[in-house]
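Only one structure is covered here, and it is reproduced in the block below.
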Amino acid sequence: MAQTVAVSKIDFDRKWQLWIDGNFRDGSSERELINPADGTVLAKVQEADAKLAEEAIHSARRAFDEGPWTKTSAVDRAKILFKTADLIEERAEQLAEVETLNGGKPIRESVYDMADAAACFRYYAGLATKPQGETVEVPAPSVTSIVREPIGVCGQIIPWNYPLLMAAWKLAPALCAGNTCVLKPSEFTPLTAIMLAEILQEAGLPNGVVNIVPGGGPDVGHVIAESHLVDKLAFTGSVKTGKAVAQAALSNLKKVTLELGGKSPMVVFGDFDIDIAVDYALFAIYCNAGQVCSAGSRMIIEDSVYHEFLHRLCERAKKIKIGPGIDPATEMGPLVNDKQLARVMDYIEIGQREGARLETGGQSLQGKSFGNGYYVSPTVFSETRPDMRIVQEEIFGPVVVLQRFSTEEEALKLANDTTFGLAGAVFTNDITRAHRFIKGLKAGITWINGYHNTYNECPWGGYKQSGWGRELGTYGLENYTEVKQINVNMEPFPIKWFDN
Ligand code: NAD
């Protein structure tokens, strides 16, 4: 589709380079990035190979072992993080436009993500100077304190669905704690991470403390996951890749946190206002075209309102305005790339073969108004069974499956019946039932009568195969620290354990 909306002056023809040891550098190859809204080439990015990834790791290692960073006070680390937040805010408009043109999401969502990324840096800037550690009363004459220290070099690998925000979730807590980092953005959406490198440099981050290496997963990502010079690996992505990087990280038993996929349930009881429930359902599944790890991709609806819910959901899904993310009128943009389009269309076919009923959508949108973009219409499946692949597997697109229940026990059983455990929501006016339900739900992020709200202050992560550990909040910070006990003997005297 021809670009109809003017964007601010962004020079996409500029050099998009690696950032290693404080220098912008060419890579060993170049990748064309495609604008998913129209299939045209948006920019060309320099990519690292294994050798450059090693260089980046050595740079982070030096910055941790020899550089000034580990001697930089918490107050000064906080200043850099506050400045980073300010600069993200100053450049939010440009960053949001780049995010949208590179990844496809509607501009209103990118604007929100930029604000969230700035807030994440600001939250951890504040946390850097807050009290931490403990003292413990142990038998005299010892005095014991427990302190938290940075782990060292953190390898950080992120996906394409929230490029700058995921970079913020990784870098802000790691830097707050005093670590150094090697960040690998997704090969499909590296642009805002490179713009963040410029911001971090301007904010005064010493050379080598953060290194940003665009490149492929199996080469650059694997080198980071496997390296003996990396002390911690923080990964966000699919379960399949999560298992591969966890395996690679065993090389030196580095600390690992994993934020993986989901197949999250949204459960609606018949006592809840059906229009409000449908409103949240649309937000739960079609936000970012369903390419959200915590997407509400299974609607579990009580029998008494099932048909009405289905009808209203389909009617409203059909009216969602689909188009290029950069158009402010767009409510749902394209998928990120042709690979993701093919994957989602495959699942739509699988669902039909499995015997589910395609109620609406299911189309790859082509033709004059969509150019060569990667659009899929909002899709709803009913008449599903729990064992169907479209019910069990993460589709990561604008596809929702409906399930129905008659009792609370049945609803809970359905809700927990996948290998994932990232998020989940329940909608009911019965507050006792709501709490009982959430207590039984095996998920790390839950909502009562709401969906998708996320806070930098609160832990993010999943049960079961949705991951290991938590990001954000004080929990996220703890995952970037080692714990040390310090025992001081206040009255040293000979203990004569060996009497000679
Ligand atoms: P992905 O697993 O394909 O890729 C994620 C990252 O891993 C990319 O940077 C990729 O280059 C890299 N990678 C790929 N193979 C690798 C390997 N062998 N070694 C090291 N690195 C490798 O995931 P994606 O398609 O980019 O993102 C979508 C997935 O991310 C979905 O499953 C989604 O649920 C998940 N996700 C989870 C969260 C969360 O917080 N739980 C947030 C966003 C996305």
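The values are calculated or read from the model by the stated rules, or taken from the named source; none is laboratory data. Computed from a prediction, not measured in an experiment: that's the story for all the values here. We place every Cβ from the backbone using ideal geometry, glycine too, and count neighbours over all the protein chains shown.
In this structure, is Gly450 over 28 Å from Ala277 (Cα atoms), more than 13 Å from the ligand (Cβ to nearest atom) and of a type in the set (Gly, Ala, Ser)?
Spelling it out, it is not the case that Gly450 is over 28 Å from Ala277 (Cα atoms), more than 13 Å from the ligand (Cβ to nearest atom) and of a type in the set (Gly, Ala, Ser).
Might you check whether a residue that is buried (at least 23 other Cβ atoms within 10 Å of the Cβ), of a type outside the set (A, V, I, L, M) and within 25 Å of the chain's Cα centre (by Cα) occurs anywhere in the stretch 57-72?
no
Has the stretch 262-272 got any residue that is within 16 Å of the ligand (Cβ to nearest atom), at pLDDT 95 or above and either over 25 Å from Asp387 (Cβ atoms) or touching a Cys at 6+ places or on another chain (Cβ under 6 Å) (or both)?
Yes, the stretch 262-272 contains at least one residue that is within 16 Å of the ligand (Cβ to nearest atom), at pLDDT 95 or above and either over 25 Å from Asp387 (Cβ atoms) or touching a Cys at 6+ places or on another chain (Cβ under 6 Å) (or both).
Of all helices (runs of 4 or more DSSP H) completely enclosed by the stretch 392-500, which ones contain at least 1 residues that are of a type in the set (Gly, Ala, Ser) and surrounded by fewer than 16 Cβ atoms within 10 Å (Cβ to Cβ)?
By residue number, 431-440.
When you go through (1) out of contact with any Pro (no Cβ under 9 Å at 6 or more places or on another chain); (2) not in a helix (DSSP H, G or I) one by one for Ile326, which number turns out not to apply?
Ile326 satisfies every listed condition except (1).
On the basis of being hydrophobic (A, V, I, L, M, F, W, C), in contact with a Lys or Arg (Cβ under 9 Å, 6 or more places away or on another chain), in a loop (DSSP other than H, G, I, E, B) and crowded, with 24+ Cβ neighbours inside 10 Å, does Phe381 make the cut?
no
Tell me, please, whether a residue that is in contact (Cβ under 8 Å) with a residue 24 or more places away in the chain, buried (at least 16 other Cβ atoms within 10 Å of the Cβ) and either basic (Lys, Arg) or assigned to a loop (DSSP other than H, G, I, E, B) (or both) can be found in the stretch 128-144.
Taking every residue of the stretch 128-144 in turn, none turns out to be in contact (Cβ under 8 Å) with a residue 24 or more places away in the chain, buried (at least 16 other Cβ atoms within 10 Å of the Cβ) and either basic (Lys, Arg) or assigned to a loop (DSSP other than H, G, I, E, B) (or both).
Somewhere in the stretch 154-177, is a residue β-branched (Val, Ile, Thr), within 16 Å of the ligand (Cβ to nearest atom) and closer than 30 Å to Ala249 by Cα?
Yes, there is a match, as at least one residue in the stretch 154-177 is β-branched (Val, Ile, Thr), within 16 Å of the ligand (Cβ to nearest atom) and closer than 30 Å to Ala249 by Cα.
If Gly39 satisfies all but one of (1) part of a loop (DSSP other than H, G, I, E, B); (2) crowded, with 18+ Cβ neighbours inside 10 Å, what's the number of the condition it fails?
For Gly39, the exception is condition (2).
Residues are listed down the side, and each one gets a yes or a no for (1) closer than 24 Å to Glu149 by Cβ; (2) more than 16 Å from the ligand (Cβ to nearest atom):
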residue	(1), (2)
His222	no, no
Ser227	yes, no
Ser297	no, no
Ser304	no, yes
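Does Gly22 meet the test of being modelled with pLDDT under 95, surrounded by fewer than 20 Cβ atoms within 10 Å (Cβ to Cβ) and over 22 Å from Asn337 (Cβ atoms)?
Spelling it out, it is not the case that Gly22 is modelled with pLDDT under 95, surrounded by fewer than 20 Cβ atoms within 10 Å (Cβ to Cβ) and over 22 Å from Asn337 (Cβ atoms).
State which residue is nearest to Ala168 (Cα to Cα) when the search covers only the stretch 69-107 and only residues that are outside any helix (DSSP H, G or I) and in contact (Cβ under 8 Å) with a residue 12 or more places away in the chain.
Arg91
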